[in-house]
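Student: Take this structure first; my questions come after.
The values are calculated or read from the model by the stated rules, or taken from the named source; none is laboratory data. Just so it is clear, the model here is predicted, and its values are computed rather than measured. No Cβ is skipped: glycine too gets one built from the backbone with ideal geometry, and neighbour counts run over all protein chains shown. Accessible surface areas use protein heavy atoms only, side chains included; no ligands, DNA or RNA. Shrake-Rupley method; radii C 1.70, N 1.55, O 1.52, S 1.80 Å.
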Amino acid sequence: MERIHYAGDELVTGSEIAEALMEYAAVLAQQRTAASVDIPIQHPDGTIGTASLLLGPASQLVRERIEEPGQEVIDHSLVQRLRRLTAALAPKWPVAGTVETTSQSTVDYDWTDEV
């Protein structure tokens with residue numbers, strides 16, 4: 001479980017959710033844009049609720065690992081959605097790779113010929 005400090009409050013949620021949320025918040029800040037996200041949270045009495053967070057360039061989030069009684073808060077579909085949104089906004093960098101050629105022909109140059 002993780003505790004997220006947000007806007008002067010503390011929210012307890014699952015570790016995967018907190019990680020995906022932080023990554024999404026970081027890419028939103030890089031792109032200078034904002035989004036609203038609803039995440040499942042665990043209340044102090046152990047019940048599960050929902051918190052709405054507005055994430056943007058000025059958002060200040062801190063997360064900390066905690067040992068909280070009860071079950072880990074899990075929402076696989078939310079984590080996948082946040083990761084897709086993060087990937088869509090993340091800067092695209094060229095990747096070096098190898099290119100396989102299908103042609104068997106080679107050109108044999110005689111570099112000693114005069115031009």
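Student: Considering only residues of segment 26-41 that are in a strand (DSSP E or B) and of a type outside the set (Ser, Thr, Tyr), which is farthest from residue 85 (Cα to Cα)?
Tutor: 41
Student: Residues that are free of Cβ contacts under 8 Å to residues at least 12 places away in the same chain and assigned to a loop (DSSP other than H, G, I, E, B): does segment 62-83 have at least one?
Tutor: Yes, the conditions are met somewhere in segment 62-83.
Student: So, one more: Of all residues in segment 36-65, which are in contact with a Phe, Trp or Tyr (Cβ under 9 Å, 6 or more places away or on another chain) and open to solvent by less than 20 Å² (accessible area, probe 1.4 Å)?
Tutor: Of everything in segment 36-65, those that are in contact with a Phe, Trp or Tyr (Cβ under 9 Å, 6 or more places away or on another chain) and open to solvent by less than 20 Å² (accessible area, probe 1.4 Å) turn out to be 37, 51, 53, 55.
Student: Quick check on segment 21-35: of everything there that is without any contact (Cβ under 8 Å) to a residue 40 or more places away in the chain and more than 14 Å from the chain's Cα centre (by Cα), which residue is surrounded by the most Cβ atoms within 10 Å (Cβ to Cβ)?
Tutor: 34
Student: Can you tell me how many residues in segment 20-39 are within 13 Å of residue 2 (Cα to Cα) and either out of contact with any strand residue (DSSP E or B) (no Cβ under 8 Å at 6 or more places or on another chain) or among the polar types (S, T, N, Q) (or both)?
Tutor: Here the count works out to 1.
Student: For residue 90, are the conditions met, namely being surrounded by 10 or more Cβ atoms within 10 Å (Cβ to Cβ) and at pLDDT 95 or above?
Tutor: Considered against the rule, which asks whether it is surrounded by 10 or more Cβ atoms within 10 Å (Cβ to Cβ) and at pLDDT 95 or above, residue 90 comes out as no.
Student: Here's a follow-up. Taking segment 5-18, which residues are within 21 Å of residue 85 (Cα to Cα) and open to solvent by less than 70 Å² (accessible area, probe 1.4 Å)?
Tutor: The answer is 6, 13, 14, 15, 17, 18.
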